[in-house]
Amino acid sequence: MSEPKPNLRWWLWGLVAFAIVIVLSMAVMHPESVTLGVAEHQAAGSAARVDEIQGQWREGGVRTLAIIAMLGDLVFIGIYGWGSWLAGRSFMAMRGAARMLGMLIAISAITFLVTDYTETILQVVQLLSEQGSDWMATVAATARPVKVVAWIATFGGVLMALAIRRFGAPPA
């Protein structure tokens, strides 16, 4: 009886989407006058800081690009989160450590989806309204480190589960 294969298609497409979002986010800081990017907006924590960042984007002529980057982030979150969930579930169908990692990946995928969507939706609302909000900035900044840990757990978990599957002891 052969071990089931991991379901990685959506997870891999999520990594492609992640690369695109990174390029878009970096492009926001392309003009020399723009020194604050999307990552700073995510971590802003206050309306005043959000307003400062968005003002710099307006003056630098990259506000529309920032909107596109954040909308792209919403697409990435869905693809990668769904892909991580599917990957985790597929590893859960296996035996041993891969099964345990699958549970970690699936739980981390849900955590990633909830926290990153919360953070990014609040960012988009502030950007489209052209005005920072203390509560939105605080919630987004609070969700950010949880989202980062969940992303690392999904990414590292998939790689570890693949390594275990490839190099682990053969099934008895």
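If you check Gly55, Gly45, Gly78 for being in a helix (DSSP H, G or I), over 12 Å from the mean Cα position of the chain (by Cα) and surrounded by fewer than 21 Cβ atoms within 10 Å (Cβ to Cβ), only one passes: Gly55.
Given the criteria part of a helix (DSSP H, G or I), farther than 15 Å from Lys147 by Cα and out of contact with any Phe, Trp or Tyr (no Cβ under 7 Å at 6 or more places or on another chain), does Met94 qualify? In short, no. Per the conditions (1) in contact (Cβ under 8 Å) with a residue 24 or more places away in the chain; (2) surrounded by 15 or more Cβ atoms within 10 Å (Cβ to Cβ), the sole criterion not satisfied by Ser33 is (2). Here is the figure for segment 95-104: residues that are basic (Lys, Arg) and free of Cβ contacts under 8 Å to residues at least 24 places away in the same chain total 1. Beta carbons closer than 8 Å, at least 6 apart along the sequence or on distinct chains, pair a first residue in segment 138-151 that is more than 16 Å from Leu74 (Cβ to Cβ) and open to solvent by less than 50 Å² (accessible area, probe 1.4 Å) with a second that is among the polar types (S, T, N, Q) and assigned to a helix (DSSP H, G or I) for Ala141/Gln42; Ala150/Ser108; Ala150/Thr111; Ala150/Thr115.
The condition (being open to solvent by 30 Å² or more (accessible area, probe 1.4 Å), among the small types (Gly, Ala, Ser) and either more than 30 Å from Asp51 (Cα to Cα) or in contact with a helix residue (DSSP H, G or I) (Cβ under 9 Å, 6 or more places away or on another chain) (or both)) is satisfied by just one residue among Gly132, Gly168, Gly157: Gly168. Does segment 2-22 include one or more residues that are acidic (Asp, Glu), open to solvent by 70 Å² or more (accessible area, probe 1.4 Å) and farther than 23 Å from Ala143 by Cβ? No, that holds for no residue.
So for segment 93-110 (the condition being modelled with pLDDT of 95 or more, among the polar types (S, T, N, Q) and open to solvent by 20 Å² or more (accessible area, probe 1.4 Å)), does at least one residue qualify? No, segment 93-110 has no match at all.
Within segment 1-20, residues that are at pLDDT 95 or above have Cβ atoms under 7 Å from residues that are loosely packed, with under 15 Cβ neighbours inside 10 Å in these pairs: Ala17/Val75, counting only partners at least 6 apart in sequence or on another chain. Which of the residues that make up segment 105-136 are of a type in the set (D, E, K, R) and free of Cβ contacts under 8 Å to residues at least 60 places away in the same chain? If the condition is that a residue be of a type in the set (D, E, K, R) and free of Cβ contacts under 8 Å to residues at least 60 places away in the same chain, then Asp116 is the only one that fits.
The values are calculated or read from the model by the stated rules, or taken from the named source; none is laboratory data. Computed from a predicted model, the values in this text were never measured in an experiment. When we count neighbours, we look across all protein chains shown, and the Cβ atoms used for this are built from the backbone with ideal geometry, even at glycine. Side chains included, ligands, DNA and RNA excluded: accessible areas come from the protein's heavy atoms. Shrake-Rupley method; radii C 1.70, N 1.55, O 1.52, S 1.80 Å.
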